[in-house]
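Accompanying notes for the structure given below.
The values are calculated or read from the model by the stated rules, or taken from the named source; none is laboratory data. Predicted, not measured: the structure shown is a model, and the values here were computed from it. We place every Cβ from the backbone using ideal geometry, glycine too, and count neighbours over all the protein chains shown. The protein model used for the area step is the full one, side chains on, heavy atoms only, and it has no ligands, DNA or RNA in it. Shrake-Rupley method; radii C 1.70, N 1.55, O 1.52, S 1.80 Å.
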Amino acid sequence: MKIKLLILILTSKLLASSYGELLFNGNCVTCHSTNELNKSAPTIIEIQNTYKNAFPNKKDFIHYMSTWVLNPKEETSLMDSSIKKYKLMPMLGYDIETLEEISSYLYELSEKK
């Protein structure tokens, strides 16, 4: 059973262009779609644009985004209008390393297209 799970994980990682993409698609895309059809949260492009404008340096972008998602607070949000529209993102319980992987993927998202 453990071998089958390991094979499944490795296969999934190979099919995704990155581990961050796999994590994003498995965890974030439910609320943060890549298009305007999803109205439960801001799109990932809106989030990426806001954070990249505030933190053009990749390291700063990853640090701020991952630490904010780890412990979302209205006072430290860069997206006040989105909080008013969709409410504050709940605390999700992911570890910082997972959030850093996802943040790194998001930073590079437009560069891959």
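Here is a check on your reading of the model: is K73 out of contact with any helix residue (DSSP H, G or I) (no Cβ under 7 Å at 6 or more places or on another chain) and modelled with pLDDT of 90 or more? For K73, the condition - out of contact with any helix residue (DSSP H, G or I) (no Cβ under 7 Å at 6 or more places or on another chain) and modelled with pLDDT of 90 or more - is met.
Pairs meeting the criteria (first residue in region 65-92 and among the β-branched types (V, I, T), second residue open to solvent by 90 Å² or more (accessible area, probe 1.4 Å) and not in a loop (DSSP other than H, G, I, E, B), beta carbons under 6 Å, at least 6 apart or on different chains) are I83/E74. On the stretch given as region 95-113, residues that are assigned to a loop (DSSP other than H, G, I, E, B) and either open to solvent by less than 70 Å² (accessible area, probe 1.4 Å) or modelled with pLDDT under 95 (or both) total 1.
When you look at S33, is it surrounded by 15 or more Cβ atoms within 10 Å (Cβ to Cβ) and modelled with pLDDT under 85, yes or no? Against the criterion (surrounded by 15 or more Cβ atoms within 10 Å (Cβ to Cβ) and modelled with pLDDT under 85), S33 qualifies.
Within region 53-88, the set of residues being open to solvent by less than 50 Å² (accessible area, probe 1.4 Å) and either at positive phi or not in a helix (DSSP H, G or I) (or both) comprises F55, P72, S77, M79.
Would you mind stating whether K13 is basic (K, R), at negative phi, in a helix (DSSP H, G or I) and at pLDDT 90 or above? Steps first, please.
Details: basic (K, R): yes; at negative phi: yes; in a helix (DSSP H, G or I): yes; at pLDDT 90 or above: no.
No.
Restricting the search to region 36-52, which residues are among the charged types (D, E, K, R) and either assigned to a helix (DSSP H, G or I) or at pLDDT 95 or above (or both)? Break it down stepwise before answering.
Restricting attention to region 36-52, the residues satisfying the condition of being among the charged types (D, E, K, R) are 36, 39, 46, 52.
If the condition is that a residue be among the charged types (D, E, K, R) and either assigned to a helix (DSSP H, G or I) or at pLDDT 95 or above (or both), then E46, K52 are the ones that fit.
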